[in-house]
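For reference, the structure is listed below as structure tokens.
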Amino acid sequence: MWRGLWTLAAQAARGPRRLCTRRSSGAPAPGSGATIFALSSGQGRCGIAVIRTSGPASGHALRILTAPRDLPPARHASLRLLSDPRSGEPLDRALVLWFPGPQSFTGEDCVEFHVHGGPAVVSGVLQALGSVPGLRPAEAGEFTRRAFANGKLNLTEVEGLADLIHAETEAQRRQALRQLDGELGHLCRGWAETLTKALAHVEAYIDFGEDDNLEEGVLEQGGSTGWWGRKTPRISSQRLPSLSLSACLLSPTADIEVRALEVALGAHLRDARRGQRLRSGAHVVVTGPPNAGKSSLVNLLSRKPVSIVSPEPGTTRDVLETPVDLAGFPVLLSDTAGLREGVGPVEQEGVRRARERLEQADLILAMLDASDLASPSSCNFLATVVASVGAQSPSDSSQRLLLVLNKSDLLSPEGLGPGPDLPPHLLLSCLTGEGLDGFLEALRKELAAVCGDPSTDPPLLTRARHQHHLQGCLDALGHYKQSKDLALVAEALRVARGHLTRLTGGGGTEEILDIIFRDFCVGK
């Protein structure tokens, strides 16, 4: 019986096994079979430029351009003279590395030329490679696409590589490196294996339920806990096809694992916005009454004069935005008009835009003048903005607020004067810098809550594509729980597993692959 069960398990695992061994999805790379070359380092003058090739003619190109013409030891740097194959003119003395496939980044034969980074040298070597028969310039992202097609990277790792190349902050680098290392892919692989196991059990009962090969003890577990977690009667295999699923004695372990998977999927989906904020940047809005020091704080955080600072109330009348690296997190920082009844149509429009930005903010930096807390504008701001955000139920999707009392240098030694009751707050002086370290640490914690902490949190979902497939998997598991027919249960498990497979690259369409790879630069 067990031989038949595991045979069926192997058949059910064909889709996920392709995912687990990280083989190609079957989508051919552009220009498959040709040997490609490109400059892989940055444009412009530099000390060293890296030019690389990938494809079956890589070794031939290396022999033609170098003297001596024998291939160097694999994965060892060798100093060679590069010459133009048409004229024999020396081009440069360079380090060359030979990576025979499949032990290379793309899985094909690859060569790297580390040449001097002058534009004339780089141009000469590229032209020399272009004259070698069978070589052509690479398209954007083609090296990585060949690595994906040859099973060197799955799709989540490809996305992690793209994010690593575009990372601008420490948190983005950590998150991208974790995804490139395969953490999200490994997580999905474990989930797919859970569904494969469950599907194997379901199909075993469908295919072998009336066979003598299925031992009686497997189905007759004497009042044990069944698939739905409740006591079920003893049944015989001859009655199985006519029974609803709730009466079948299937593997309780498999069902427990599927239900645990459903909980895990829900937790990751509730956390999805954090990963997307980490990749694209959190929206932080500085707001408060006029003359609270909002523009001074924006200039302090961005380390440049983004906003005009003036003692005149209502100086800022539009929303001024600047991308900033705050404590390693990517942030779009917005300076807004002071919230008050505008004294003219221009300021009224600025206040309207400020309130609009507040609704879109992930984190609100609410600023008040510490020396003027009893003013009507401060009291009104506390009652409307601070109190309303603080009244929200805490959740991953709700806005967060950090109350900052600026101009602490104007306070008397006794501290804050009379005023309304204040929620938790920080004292800061944008003029002297007093309290800045404590403010930045509090800001870091708030941003870690908004964007996730890639050094400690589970793998984050950084793209809408990830969220789409996990939601599809969760929806399919909802059908799995509700179905009373074994065939429908099996189909729900297959659909759920298919979403996990497509998330890591199995069965992906050309259109999806084109969208992912088009953001890579030429040479990567």
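The values are calculated or read from the model by the stated rules, or taken from the named source; none is laboratory data. Small disclaimer: the values here were computed from a predicted structure and weren't measured. Neighbour counts run over all protein chains shown; Cβ positions are idealised from the backbone, glycine included. Please note that ligands, DNA and RNA were not included when accessible areas were found on the heavy atoms of the full protein model with its side chains. Shrake-Rupley method; radii C 1.70, N 1.55, O 1.52, S 1.80 Å.
Legend: calculated FRET efficiency, ALA383 to ASP475, from the Cβ-Cβ distance at R0 = 60 Å, rounded to 0.05, equals 0.90. Our note on the geometry: Cα centres of region 128-189 and region 96-110, 15 Å apart. In the context of the full set of protein chains, residues of region 279-370 present 42 Å² of accessible surface per residue (probe radius 1.4 Å, heavy atoms only). For the charge dipole of region 86-161, defined by +1 on Lys and Arg C-beta atoms and -1 on Asp and Glu C-beta atoms about the Cα centroid, which residue among LEU155, PHE143, VAL96 has the Cα displaced farthest towards the positive pole? With unit charges placed on the Cβ atoms, the residue in question is VAL96.
Note on VAL309 and ARG355: the extension gain reaches 14.5 nm, defined as 0.36 nm multiplied by sequence separation minus the Cα-Cα distance.
Under a point-charge model restricted to the Cβ atoms of Lys and Arg (+1) and Asp and Glu (-1), what is the dipole moment magnitude of region 67-200 relative to its Cα centre, in debye to the nearest 20? Present the calculation step by step, with values, prior to reporting the outcome.
Details: 14 positive and 17 negative charges, 52 e Å.
Charge dipole of region 67-200: 260 debye, to the nearest 20.
Using the Cβ-Cβ distance between VAL346 and ILE165 with R0 = 56 Å, the FRET efficiency computed as 1/(1 + (r/R0)^6) comes to roughly 0.85. Taking the 1.4 Å solvent-accessible surface of region 248-336 as the whole, the part contributed by carbon and sulfur is 56%.
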